[in-house]
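Visitor: Below is one structure. I have some questions about it.
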Amino acid sequence: KIKLEVFFKENNMKYIRSVTNFLTLKFNSSNKAEEFCKKLLNKGVILRHLVSFGLPECVRITIGLPDENNYLINQIKKLEF
């Protein structure tokens, strides 16, 4: 979890900290959050766009195993958003 938080900070990605097994990324718009979510889902990363929770500009990412977290970081690095 700390590795992901460091990565998000280094890349100026806004997120909401949590004491649970997930982090919530916050984007400037619902469209940006949806685009991010779709691109990562297409790469096999499971996450949740939080529209149904009343947070359309947010995406929840579950903290996985170290290899899964590394995969997530590598896929985010490849994105243009």
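The values are calculated or read from the model by the stated rules, or taken from the named source; none is laboratory data. Since the model is a prediction, treat every value here as computed from it, not as a measurement. Ideal geometry is used to build each Cβ from the backbone, glycine not excepted, and the neighbour counts take in all protein chains shown. Areas reflect the complete protein model, heavy atoms only, side chains present, ligands, DNA and RNA absent. Shrake-Rupley method; radii C 1.70, N 1.55, O 1.52, S 1.80 Å.
Visitor: Could you please give the count of residues in segment 1-35 that are touching a Cys at 6+ places or on another chain (Cβ under 6 Å) and polar (S, T, N, Q)?
Guide: So the answer is 1.
Visitor: Give me a count of the residues in segment 34-80 that are in contact with a strand residue (DSSP E or B) (Cβ under 9 Å, 6 or more places away or on another chain), hydrophobic (A, V, I, L, M, F, W, C) and free of Cβ contacts under 8 Å to residues at least 12 places away in the same chain.
Guide: Total meeting the criteria: 2.
Visitor: Looking at segment 48-62 only, could you name the residues that are buried (at least 19 other Cβ atoms within 10 Å of the Cβ) and modelled with pLDDT under 95?
Guide: Matches in segment 48-62: ILE61 only.
Visitor: Return the total of residues in segment 1-30 being of a type outside the set (A, V, I, L, M, F, W, C) and closer than 14 Å to GLU80 by Cα.
Guide: Residues flagged as of a type outside the set (A, V, I, L, M, F, W, C) and closer than 14 Å to GLU80 by Cα within segment 1-30 amount to 2.
Visitor: A follow-up question, please. Working only within segment 7-29, note down all residues that are open to solvent by less than 70 Å² (accessible area, probe 1.4 Å) and not aromatic (Phe, Trp, Tyr).
Guide: Those that are open to solvent by less than 70 Å² (accessible area, probe 1.4 Å) and not aromatic (Phe, Trp, Tyr): MET13, SER18, THR20, LEU23, THR24, LEU25, SER29.
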